Amino acid sequence: MATDENSRPSDPSMPSRESAAQALALAEQAQAAVGAISPGRWYQPTLAAFLIGLFLTNLLPDPFDITAVGVLFVGMMTFVVLQVRKMGVMHRATPKTGRQMAVGALLGITVYVTALVVEHQADMPWVWVPAALLVGGGILGLERHSRTKGIPA
């Protein structure tokens, strides 16, 4: 027994086609607005430069290395806070972003310890230059990959 659409009783819990279309359009606008929130192109290289600077402070003599670490750390935290304030939102941390942060931290610690051992065992202080470039480039690559994927809905 076939019934046409006009003869069915309307279900009050079901939205009308017009309200569903409006809700869909609103959701698409919100998703586009959230996807448009991203830091500028200078954000990633600046953070990588701060990290490279932190590694290169190991080349400075004793009284200046601690001062340089403090200045770079304060500069990096100020930069991040100003960026978050400018954008008005915090980035959502997805499980994939968490894994990338863990890989980046593991990369940084592994290269730091390796460079420290090589510097003290083989007396090669210049090893901090390639170590800094390796970590800065690796972190920059991980960050660029996570940013190009966008913010998941």
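The values are calculated or read from the model by the stated rules, or taken from the named source; none is laboratory data. Predicted, not measured: the structure shown is a model, and the values here were computed from it. Virtual Cβ from ideal backbone geometry, glycine too; neighbours counted across all protein chains shown. Accessible surface areas use protein heavy atoms only, side chains included; no ligands, DNA or RNA. Shrake-Rupley method; radii C 1.70, N 1.55, O 1.52, S 1.80 Å.
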Within segment 36-56, is even one residue open to solvent by 90 Å² or more (accessible area, probe 1.4 Å), under 30 Å from GLU119 (Cβ atoms) and modelled with pLDDT of 90 or more?
no
Can you list residue pairs whose Cβ atoms sit under 7 Å apart, with the first residue in segment 102-125 being free of Cβ contacts under 8 Å to residues at least 24 places away in the same chain and the second being open to solvent by less than 50 Å² (accessible area, probe 1.4 Å) and in a helix (DSSP H, G or I)? Count only pairs 6 or more apart in sequence or on different chains.
VAL118/VAL127; MET124/VAL118
From ILE139, ILE109, grab the single residue that is modelled with pLDDT of 75 or more and over 25 Å from TRP42 (Cβ atoms).
ILE109
Considering only segment 12-27, state which residues are loosely packed, with under 10 Cβ neighbours inside 10 Å and not in a helix (DSSP H, G or I).
PRO12, SER13, MET14, SER16
Condition first: open to solvent by less than 60 Å² (accessible area, probe 1.4 Å) and on the phi > 0 side of the Ramachandran plot. Now tell me which residues in segment 99-138 satisfy that.
none
